[in-house]
Amino acid sequence: MEAAQKAVQSVTDGVKNVAIGGDKKAPGAKKEKKAAKAGAGDASAGLLELKPAPEFLQSRLDLFDRLKKRQDEDFAKKPREPITITMPDGSIKAGTSYETTPGDIAKGISNSLYKRTVVARLDGDKEQLWDLDRPLEKSCRLELLDFEDEQGKMVFWHSSAHILGEASERRFGCSLCIGPPIDNGFYYEMALPESAAVQTTDWKPLETIVSSIVKEKQKFERLALTKEELLEMFSYNKYKQHIIKDKIADGTSTTVYRNGPLIDLCRGPHVPDTGRIESFAIMKNSASYFLGDNNNDSLQRIYGVSFPDKKKMAEHKKFLEEAAKRDHRKIGRDQELFFFSDLSPGSAMWLPHGTRIYNTLLDYIRQQYWKRNYQEVITPNMYNSELWKTSGHWDHYKDDMFVIDMEEEVKFGLKPMNCPGHCIMFGHRERSHRELPWRVADFGVLHRNEATGALSGLTRVRRFVQDDAHIFCREDQIKGEISDLFDFLHEMYGLLGMTFKLKLSTRPEKFMGQIETWDRAEAMLRESLDEFASAEGGVAWTLNEGDGAFYGPKIDITIVDCLNRDWQCATIQLDFMQPQNFNLEYMTAETTVAKTKEPEATDAPASGPPKVKVKNPQAVIDSAHAAKEAAKEIITPSKDGKEAPKKFERFLKPLSSGCARPVMIHRAMCGSIERFTAILCEHYAGKWPFWLSPRQILVIPVGVGFFPYAEEVAAIFKKEKMFVDIDLSGNTLQKKIRTGQLAQYNFIFVVGDEERQGRQVNVRYRDDTSAQDRGNPIGIDEAVEKIAKLRDERGSYNPFPSIVKPAAKEAA
Ligand SMILES: [Zn+2]
Ligand SMILES: [Zn+2]
């Protein structure tokens, strides 16, 4: 995602498992939090910041000044030559190398543009972000990015992290570690002296220091240093030392940035000065481990968010409030849908009402499968590691799998995905071109070994089910299949009231298979995308050049919920590799004709072409050579005569004559049903549409005398397979209605004497505020018919539009 975030990731990757300072703790041992030492230290309690300032601030500044002088001198010697700067609208500005800055260009257009601009991007390259005050070195194309730009926003938040870092050094005299931008703001990670913990009472003082930093409009100054100079500059900070030693190659240099007294190891870029951060707030603090490894030092993280104006901050806080109300973990608890037990972290306990939603979703998907000619299958949950070796998961995905020791030297793995099982099914017998496309769907239970710390509600789990299917097809069928998937997406997300965006990721630099195959497949994907874009209600698509997986191009689908948040759920991924790994093939039209004339082949495996064990699967091109190799590799029985444990060898055989390789399409419309239910929970804010609702009808008798009639009504609707409850409590009518509304029943039927007499129900419909008050009674038969229709159509309309609030009541 964001470049800066990636940078942090690259800092942390590869340095895991490295303990810092030999301070290894026993697993589970927790550092005692020294709350008393929190804040500015007890000696200076009540003070905003440390007095005197930490000693390292001044020595760091002295070194900076000395080296900055050298850089300025070097810089003065750089050639001043005319350059041209091309703007996005095609206009060309004249400039001078090592003199003209992107900021100059922006100011030349308008001062307000300069003030709005966060950072510049050169030559359309996401890796070439440029400080507004940094002189351009040569002719370039220039884009000026503001806070609304995704990269601009990340630079803004990253710059804000520096300000938070400065405030933290001044208040705590802490050792800073890393301060990256994240999805909703940024954080700074640090070690306080004597392992003290940050307190919520520190937030306000930190924000006060930040305000003064913003008022000072401290400039961000860039300086390149050698590795040795960096080590000297950060000699007081063992975490920075570690990062410098680990991530910066000997003999190279990198940059630091200064703002006010803070000098931080950083590749930049930043906003021109701290005055840009008009609105700043600390959101939370927490404990963490250096580099995310619990063998390392325990650290403190402070999270913040910032905006270029106060209005945006207010909007953001409102959004957070709304998101918190909709948090699926809260709704899951309030509506008794699911919970988690410490005895199986990351695996939801689906309560009866949650299970209703889950199953209704699956029913819907099964109906779609029926209509679209998918075949549902059931496959094992665990497989011998040999399967995972064939599919490549053992080499590349084993750490994320649960592995089980079955017997000596035999390991099984719980499946993290269904694809290899479906390949086995396809290869189970000979396949004819007539069987294609073969669409296999599987609601198999999947397990992925997510770290405990990464688990989060239903959105990050260990046990889940996907609406997973694999389509095995001929190359020329790709387009038709993709078009059907778009239709599927359109129908499903339309029903749920969500929109989606499509992105095509094409052949990367490293890829497998033939270029021609890729070109043909990509051309078909483009055609389907174009057709879908121009169709009624279609969706425009964008290109993500070179971002496909090495084994096939893919279409990324992002859905947008009603809070305008993006979610990645659905996937469409072409795969040229697994069919090869599993030797999948089908008889082409020509072979099938020839085959029927030959004598019937037996089931004996010997009748097939010899299986060949190969070291490099892609090296096999010559079947004669392969046959020779096969002869050498025949497995011999064990010497002692005992039956050896069943051995699996990985074979790659050349295509049989007259056969072709199918293309495999991995596709999911919801992705994980667990995660998707969480998204729906938040999207609907717990107000489930009738068809998906776990609480559809509540019958409320107005008094004890009407209990039998209420029970009779409930039985009628239950018979229609609706989720109906009766409130037989001793509460008042008003209280019962209120409780039913809070529980989000779609319909509340109030029944009393009038209703019993007329075999009617008095209907309140949740989603139509004009029908909240007692309306006209409806005959039971009519109610059953209309509500069943609403359900079967999966509608979200009021089936009783005649129920309106009486005008007189409106006036009152
Ligand atoms: Zn920075
Ligand atoms: Zn798959």
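The values are calculated or read from the model by the stated rules, or taken from the named source; none is laboratory data. Not measured: the values here are computed from a predicted model. Cβ placement follows ideal geometry from the backbone for every residue including glycine, while neighbour counts extend to all protein chains displayed.
Summary of values
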{"quantity": "Some residue of the range 52-73 being among the hydroxyl-bearing types (Ser, Thr, Tyr) and within 30 Å of GLU545 (Cβ to Cβ)", "calculated": "no"}
{"quantity": "Only one of GLY275, GLY292 that is surrounded by fewer than 22 Cβ atoms within 10 Å (Cβ to Cβ) and at positive phi", "calculated": "GLY292"}
{"quantity": "Counted residues, the range 649-691 - those being assigned to a strand (DSSP E or B), farther than 30 Å from ALA348 by Cα and within 16 Å of ligand 2 (Cβ to nearest atom)", "calculated": "2"}
{"quantity": "Per-region count, the range 411-458, residues polar (S, T, N, Q) and within 16 Å of ligand 2 (Cβ to nearest atom)", "calculated": "1"}
{"quantity": "Meets criteria (under 27 Å from ASP273 (Cα atoms), touching a Phe, Trp or Tyr at 6+ places or on another chain (Cβ under 6 Å) and at pLDDT 95 or above) for TYR236", "calculated": "no"}
{"quantity": "Any chance LEU132 is closer than 19 Å to PHE307 by Cβ, within 16 Å of ligand 1 (Cβ to nearest atom) and part of a loop (DSSP other than H, G, I, E, B)", "calculated": "yes"}
{"quantity": "Residue identified as assigned to a helix (DSSP H, G or I), among the hydrophobic types (A, V, I, L, M, F, W, C), under 30 Å from ASP561 (Cα atoms) and in contact (Cβ under 8 Å) with a residue 24 or more places away in the chain among PHE500, PHE488", "calculated": "PHE488"}
{"quantity": "From the options PHE706, PHE749, residue that is farther than 28 Å from ILE331 by Cβ, touching an Asp or Glu at 6+ places or on another chain (Cβ under 9 Å) and touching a residue at least 40 places away in the same chain (Cβ under 8 Å)", "calculated": "PHE706"}
{"quantity": "Answer residue from the range 156-209, given it is part of a loop (DSSP other than H, G, I, E, B) and closer than 24 Å to ARG116 by Cα and is farthest from ligand 2 (Cβ to nearest atom) among those", "calculated": "GLY179"}
{"quantity": "Count - residues of the range 106-120 that are more than 19 Å from LEU136 (Cβ to Cβ) and surrounded by 14 or more Cβ atoms within 10 Å (Cβ to Cβ)", "calculated": "2"}
{"quantity": "Complete set of residues in the range 210-238 that are in a helix (DSSP H, G or I) and not acidic (Asp, Glu)", "calculated": "VAL210, SER211, SER212, ILE213, VAL214, LYS215, LYS227, LEU230, LEU231, MET233, LYS238"}
{"quantity": "Meets criteria (closer than 21 Å to PHE220 by Cα and within 16 Å of ligand 1 (Cβ to nearest atom)) for LEU61", "calculated": "no"}
{"quantity": "Subset tally (residues that are touching a helix residue (DSSP H, G or I) at 6+ places or on another chain (Cβ under 6 Å) and of a type outside the set (Gly, Ala, Ser)) for the range 462-495", "calculated": "11"}
{"quantity": "Search result, residues across the range 409-425 that are touching a residue at least 40 places away in the same chain (Cβ under 8 Å) and over 24 Å from the mean Cα position of the chain (by Cα)", "calculated": "GLU409, VAL410, GLY421, HIS422, CYS423, ILE424, MET425"}
{"quantity": "Number of the condition not met by LYS245 [criteria: (1) more than 24 Å from LYS284 (Cα to Cα); (2) in contact with a strand residue (DSSP E or B) (Cβ under 9 Å, 6 or more places away or on another chain); (3) without any contact (Cβ under 8 Å) to a residue 40 or more places away in the chain; (4) away from ligand 1 (no atom under 16 Å from the Cβ)]", "calculated": "(2)"}
{"quantity": "Number of the exception - VAL699 against (1) crowded, with 22+ Cβ neighbours inside 10 Å; (2) assigned to a helix (DSSP H, G or I); (3) at pLDDT 95 or above", "calculated": "(2)"}
{"quantity": "Near pairs, Cβ below 6 angstrom, 6+ apart or cross-chain, from the range 198-223 (assigned by TED's automatic domain parsing to the domain that holds TYR303) to any residue that is within 16 Å of ligand 2 (Cβ to nearest atom) and part of a strand (DSSP E or B)", "calculated": "none"}
{"quantity": "Selection count where residues are surrounded by 18 or more Cβ atoms within 10 Å (Cβ to Cβ) and in contact with a Lys or Arg (Cβ under 6 Å, 6 or more places away or on another chain), scope the range 239-267", "calculated": "3"}
{"quantity": "Qualifying residue in the range 295-302 (condition: over 28 Å from the mean Cα position of the chain (by Cα), within 16 Å of ligand 1 (Cβ to nearest atom) and surrounded by 16 or more Cβ atoms within 10 Å (Cβ to Cβ))", "calculated": "no"}
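Each row is one residue, and each column tells you yes or no for (1) in contact with a Gly (Cβ under 9 Å, 6 or more places away or on another chain); (2) polar (S, T, N, Q); (3) not in a strand (DSSP E or B).
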position: LYS240; (1), (2), (3): no, no, yes
position: THR254; (1), (2), (3): no, yes, no
position: ASP264; (1), (2), (3): yes, no, no
position: PRO269; (1), (2), (3): no, no, yes
position: ALA281; (1), (2), (3): yes, no, no
position: SER288; (1), (2), (3): no, yes, no
position: ARG301; (1), (2), (3): no, no, no
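Conditions tested, residue by residue: (1) outside any loop (DSSP other than H, G, I, E, B); (2) modelled with pLDDT of 50 or more; (3) not assigned by TED's automatic domain parsing to the domain that holds SER195.
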residue: SER10; (1), (2), (3): yes, no, no
residue: LEU47; (1), (2), (3): no, yes, no
residue: ARG66; (1), (2), (3): yes, yes, yes
residue: THR84; (1), (2), (3): yes, yes, yes
residue: ASP89; (1), (2), (3): no, yes, yes
residue: TYR98; (1), (2), (3): no, yes, yes
residue: VAL118; (1), (2), (3): yes, yes, yes
